[in-house]
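Single-structure report; data block below.
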Amino acid sequence: MNRALITGIMGQDGAYLAKLLLDKGYKVYGLLARRSTLSNWRLKYLGIENEIQLIEGDLTDLASLIRAIKTSKPMEIYNLGAQSFVATSWEQPILTAQTTGIGVLNLLEAIRLTDTSIKFYQASTSEMFGLIQEPIQSEKTPFHPRSPYGVAKLYGHWITINYRESFNMFTSCGILFNHESPLRGIEFVTRKVTDAVARIKIGKQKELRLGNIDAKRDWGFAGDYVEVMWLMLQQSKPDDYVVATGYTTTVREMCSIAFDHVGLDMDDHLVIDEKLYRPAEVEILLGNPSKAKEKLGWSSKTSLKNLITMMVDADLERVKKE
């Protein structure tokens, strides 16, 4: 039986990836960091909470990572754990650097010290492109991160490549553009929008407050994107891939889709709040997924309209049960 260890298993991507691997017959282990109250609602949502074996450990603690690897004996490790909220990275830059950046190094060292045959996936991000150097970003586009989160992720990205080149380890990076789902955290803009629309529709909320709604993003469905993580580790050689839809949309247009779906006029409820603007904004992100399509046979399947309406419907159900 194939065995995999997933960090960040309680998050959106971790839950979808765990479901994918279980469906493929894997024994799935999840690294559980005891920093906050255990919240496995995403695993419950997918009906897999009893099929995961959790191991206590933390990306900031090398010894615990070594123990986790010795316990799980994985063939594949997927590093999805991080302080992943961009806004928080300005408020907690040191924590972000330790978990999102140095945490990757700790995990790579744990692999190097235990079993270098383990295949490793690093969750990189389009936020590394930041102040974009090219209108469409590919694997060859220069990076210019615009947040402590983007900077930390860039360290994790390059140290993964460095270990591949230095120690001949199988380490691959997925440069994922924005990907959303009904499992997305409420602090992220898409889920903030869909949850607010549901509450406004039912009468539990009157307005939605946002910052820069003219920022453009390449949004896909997380359920589609975890498949490419698995595909990367099934190749004969490790490599890095941009994972994106190849289409970009403004936050304003995304909001319009959500409000239209429930028959509301966005202009009646949307309020622009300058306090919600970022200190340094990433104005546009647009990925070129041609390498993933050519070499992995992967492409995004879910349109933005279908994604946002799926999220609104899920939030309507949640709000009605409250």
Here D for the chain, in µm²/s, from Stokes-Einstein with a Kirkwood Rh over Cα pairs at 20 °C and 1.002 mPa s, works out to 107
Cα-based Rg and Dmax for the range 256-322, where Dmax is the largest Cα-Cα distance (Å): 17.1, 46
Applying the gyration tensor rule to the Cα atoms of the range 1-99 (axes a ≥ b ≥ c; rounded if a/c under 1.5, else prolate if a/b exceeds b/c, else oblate), the class is oblate
Dipole axis of the range 209-259 (+1 Lys, Arg; -1 Asp, Glu on Cβ), positive-most option in 245, 225, 255: 255
Most exposed first, judged by fewest Cβ atoms within 10 angstrom, 290, 89, 117 run 117, 290, 89
Taking the Cα centre of the range 1-105 as origin and charging only Cβ (+1 Lys, Arg; -1 Asp, Glu), how large is the dipole, in debye to the nearest 20? 300
Lysines whose Cα lies under 16 Å from that of residue 27, excluding same-chain neighbours fewer than 8 positions away: 19, 70, 73, 119
Calculated from DSSP helices alone, with each H run of at least 4 adding -39500 (n - 2.57) and the total divided by the residues of the chain, [θ]222 nm to the nearest 500 comes to -11500 deg cm²/dmol
What's the local net charge at residue 123, with K and R +1, D and E -1, over the other residues with C-beta under 13 Å away? -2
GluC sites (Glu not before Pro) within the range 195-269: DSSP coil, no more than 14 neighbouring Cβ in 10 Å: 207
Sites excluded, trypsin sites (Lys or Arg not before Pro) in DSSP loops with at most 14 other C-beta within 10 Å, longest stretch of the chain: 36-139
Local electrostatic count, residue 195, Cβ distance below 9 Å [Lys/Arg +1, Asp/Glu -1]: +3
Counting only other residues whose beta carbon sits under 15 Å from that of residue 252, what net charge do I get with K and R as +1, D and E as -1? -4
Please report, to one decimal in angstroms, the Kirkwood hydrodynamic radius of the range 155-264 built from all distinct Cα-Cα pairs. 16.3
Once you charge only the Cβ atoms, +1 for Lys and Arg and -1 for Asp and Glu, what is the size of the charge dipole of the chain about its Cα centre, to the nearest 20 debye? 780
Pull up the DSSP beta bridges for the chain and report the antiparallel fraction as a percent, rounded to 5. 5
Counting sequence-distant residues (5 or more places) and residues on other chains, those with an amide H built under 5 Å from that of residue 125 are 176
List the extent of the Cα atoms of the range 70-192 along each of their three principal axes, largest first, rounded to whole Å. 40, 31, 28
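Bear in mind these aren't lab numbers, they're just calculated from the coordinates by the rules spelled out. Nothing here was measured: the structure is a model prediction, and the numbers come from that model. Glycine also receives a Cβ, built like all others from the backbone with ideal geometry; neighbour counts cover every protein chain displayed.
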